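Here is the structure we will look at.
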Protein chains: 2
Amino acid sequence: MLVTKFAIPEIIFGKGSTKHLAQCARRLGARRVLLVSDDGLERAGWVSMIKGLLEEDLLDCVYFNNVDSNPRDHQVHEGAALYREAQADVIIGLGGGSPIDAAKGIATIVGNGGQIRDYEGANKIMRPLPPMIFIPSTAGSGSDMSQYSIITDVERQVKMSIISRSLVPNLSIIDPTMLTTKTPELIIASAVDALAHAVESYVSKAASPFTEHQALLSIRLILDNINEAVETRSLHALEQLSIASTAAGMSFSNAGLGIGHSLAHSIGGRYDVLHGLVHPILLPVVMRFNLPASEKKMACIGKEVLGPRICSERCLGEKGIDALHEMFVRLGVTTRLRDILPTNSDMEAICRMAERDTCTITNPRQASWQDLLRICEEAW
Amino acid sequence: MLVTKFAIPEIIFGKGSTKHLAQCARRLGARRVLLVSDDGLERAGWVSMIKGLLEEDLLDCVYFNNVDSNPRDHQVHEGAALYREAQADVIIGLGGGSPIDAAKGIATIVGNGGQIRDYEGANKIMRPLPPMIFIPSTAGSGSDMSQYSIITDVERQVKMSIISRSLVPNLSIIDPTMLTTKTPELIIASAVDALAHAVESYVSKAASPFTEHQALLSIRLILDNINEAVETRSLHALEQLSIASTAAGMSFSNAGLGIGHSLAHSIGGRYDVLHGLVHPILLPVVMRFNLPASEKKMACIGKEVLGPRICSERCLGEKGIDALHEMFVRLGVTTRLRDILPTNSDMEAICRMAERDTCTITNPRQASWQDLLRICEEAW
């Protein structure tokens, strides 16, 4: 094994863990925090709950909510201007991947200046960021764990991957009760996003013993709990999905992802579709493409999906992929690209862009834009 | 599940990972580091290797090596005085648990003043510590991962447990090639220490989904690799033991330990025996005592030791404990207390002290000093 790195934030996990927020912010030196969230979290009552917790502890709070479901570059710059104007000292991100990615972008600009596109790619952030605390409201994005921030460059219609150790927050506070106000559709989309993180990072070229068992744990927990979480919305099942999402976040943040995410970024940059809708469509096709390069690991995934079987590794891998696809159909999510994209006329441009995405580097099987195009055609 | 916390350092792992040391120290603001190590590491050539790496990068290095195998309070104070006198800015601990625990003690005094005994117990460290980088030279103590520092109070003949989030270093650099200069006896003692960390934290009252699978992973890796590591000293097997020790460290640091470690601390405070010698003696007896309170988990351990069996949980747990004991016998380590202690005349005092040890709180079964005495009698 070559030298490998593993970095995760400090984690506070469990029902009611948000009540530790103000104390944690103080420990990081907070007097006035910038809280980044969005309309959905406001409507569900979580924003006022968090504001209340900060007020109770006499912490000033400046609020920023101009964040789209795929956060834009200009929104990041607007948030950074607000942080500076308010002389805030700690950034709190509350939400799914979008507000948290926006909060990371804001922290990057606050600490390093310039434009957010200056930091596209890996390891471009040189100066320290202000302290960050993230509170994920979905069990999926893993952004509260990860070294990634995905920001849309509006002019170029690109979802930029910004990847840096500095984007791992000081603290992630994960409270599964947040999930109780989510629709079943969002719970499914988030869980499938986490599943894609786990699968892609498990077979990644940069996977390590520190990430592999997190990825397998995540796959197991999602398969064991997704039905109960959607059907009964039991807090136990939601809690298990939160653990799964956290484990998948630890894995992909340190092991990287693959071409499923390259395509998701490229498609999302052009069409602003919800990230979680893309994975049930692409994941099985991408897994089939990757199977020849990672038969052993795909067989391990197959074993998690199906239990032990007496058949070859390749066969177990194939049957596992089929079973995942069937699970997506059963969950009622769309499994064809044509259902979420207006046209297939620009698939070549999408695939040429995906070929250059950072996630393509760690994919276990070399993939040209022509390979990606065949994957998209199969998924159309 | 109640609210649970999980904190680990950033990790750089792998053969040759030490070459990143100087760069990492610089990232933490180092200009002059205090390097804490001991005679054994000097003889093996690792101290001069590390000094060379720092010099190459033009980093000043002040060296402190007055550390016994159970580090003493006055040694910590001496190291802290040297740090201040030299105006050092980062502490590097190189070694097994002893130099690293001493380095943590030094950092505590440097950041907080007073005497090291002022910080005995949990969460007594209030002010920040200087940046710390640890390089473990054994696959066992887990001190490079953990919130624990064990320092002997010479006057009271007590091994004090100092437990604080602040003792988790900024960075742990784990290079399995360090293990190649260790004797088979030390490899075994360290691996059994890691195994005891994994087992005790797995059944701990404070175990969480974030620690449990780390503990099981650690148990599996130790059982799979200890023979090969001792017999062939293959770098692959040593690397697997390093991963196991790291995983066990993540687990016990966040889940706590049990009465095996309470007794080990109490015995070690009085008799200065090597920590790693105590566990093969105590672990099976302690596991038998804990079995009624954690049958399900002991059965999971039994499954790791023996593979799946068709028998009751209790039976699987019992057979697993027996198999562990047999493994210790096969490895040629002593399994009787009488072989390492000069007398059993003061066992009552040892057990009364162990009852008050912090590790007793997280033990899965309530244990009085009389219970501990029966355990010691059984192990005598």
Volume of the Cα convex hull of the protein assembly as shown, divided per residue and given in Å³ = 154 Å³
message = Just the number: Rg to Rh for the stretch B:258-350, Cα atoms, Kirkwood Rh, two decimals.
response = 1.03
Diffusion coefficient, µm² s⁻¹, Stokes-Einstein with Kirkwood Rh over alpha-carbon pairs of the stretch B:182-379 at 4 °C and 1.567 mPa s = 78 µm²/s
remark   = Taking every other residue with Cβ under 14 Å from the Cβ of B:Arg309 and scoring Lys and Arg +1, Asp and Glu -1, one gets -1
ask   = So, in nm, how far is label A:Ile361 from label A:Val329 when the simple model puts each one 7 Å beyond its Cα toward the Cβ?
value = 3.8 nm
message = As a test of the definition: with a 1.4 Å probe, what buried accessible area, both sides summed, do you compute for B against A, in Å² to the nearest 100?
response = 2400 Å²
ask   = Measuring label to label, 7 Å along Cα→Cβ, what does B:Glu326 give against each other copy in nm, shortest first?
value = 4.1
message = Given the options B:Gln240, B:Leu263, B:Ser312, identify the residue whose Cα lies farthest towards the positive end of the charge dipole of the stretch B:182-379 (+1 on Cβ of Lys, Arg; -1 on Cβ of Asp, Glu).
response = B:Ser312
message = For chain B, what does the helix formula give at 222 nm: sum of -39500 (n - 2.57) over DSSP H segments with n ≥ 4, over the residue count, nearest 500 deg cm²/dmol?
response = -16500 deg cm²/dmol
ask   = What accessible surface, in Å², does a 1.4 Å probe find on B:Lys15, ignoring ligands, DNA and RNA and rounding to the nearest 10?
value = 80 Å²
task = Would you check the accessible area of B:Asp272, probe 1.4 Å, heavy atoms only, in square angstrom rounded to 10?
result = 80 Å²
query = Separation between the A:Arg338 and B:Leu58 pseudo-spin-labels, each 7 Å from Cα along Cα→Cβ, expressed in nm?
reply = 6.5 nm
Unpartnered cysteines - no second Cys beta carbon under 4.7 Å - across chain A = A:Cys24, A:Cys61, A:Cys300, A:Cys351, A:Cys359, A:Cys376
Translational D in µm²/s for the stretch A:47-154 (Stokes-Einstein at 4 °C, 1.567 mPa s, Kirkwood Rh from C-alpha pairs) = 92 µm²/s
query = In the full protein assembly as shown, how much of A:Ile267 is accessible to a 1.4 Å probe, in Å² to the nearest 10?
reply = 0 Å²
inquiry  = Just to verify a number: FRET efficiency for A:Arg26 and B:Asp371, C-beta to C-beta distance, R0 = 45 Å, to 0.05?
reply    = 0.60
inquiry  = Test of the criteria: in the stretch A:278-380, which trypsin sites (Lys or Arg not before Pro) are in a DSSP loop and have at most 11 other Cβ atoms within 10 angstrom of their Cβ?
reply    = A:Arg336
query = On a 0 to 90 degree scale, rounded to 10, what angle separates helix A:209-231 from the longest Cα axis of chain A?
reply = 90 degrees
inquiry  = I need the phi-derived Karplus couplings for the stretch B:6-14: 6.51 cos²θ - 1.76 cosθ + 1.60, θ = phi - 60°, integer Hz, Gly and Pro marked x.
reply    = 9, 9, 9, x, 5, 10, 10, 10, x
message = If I fit a long axis through the Cα atoms of helix A:184-202 and take the longest principal axis of the Cα atoms of chain A, what angle between them do I get, 0 to 90°, rounded to 10?
response = 70 degrees
request  = For helix A:295-306, report the angle its Cα long axis makes with the longest principal axis of the Cα atoms of chain A; keep it between 0 and 90° and round to the nearest 10°.
outcome  = 80 degrees
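The values are calculated or read from the model by the stated rules, or taken from the named source; none is laboratory data. Small disclaimer: the values here were computed from a predicted structure and weren't measured. Glycine gets a Cβ as well: all are built from the backbone with ideal geometry, and neighbour counts include every protein chain shown. Ligands, DNA and RNA are excluded from the accessible area calculation, which covers all protein heavy atoms including side chains. Shrake-Rupley method; radii C 1.70, N 1.55, O 1.52, S 1.80 Å.
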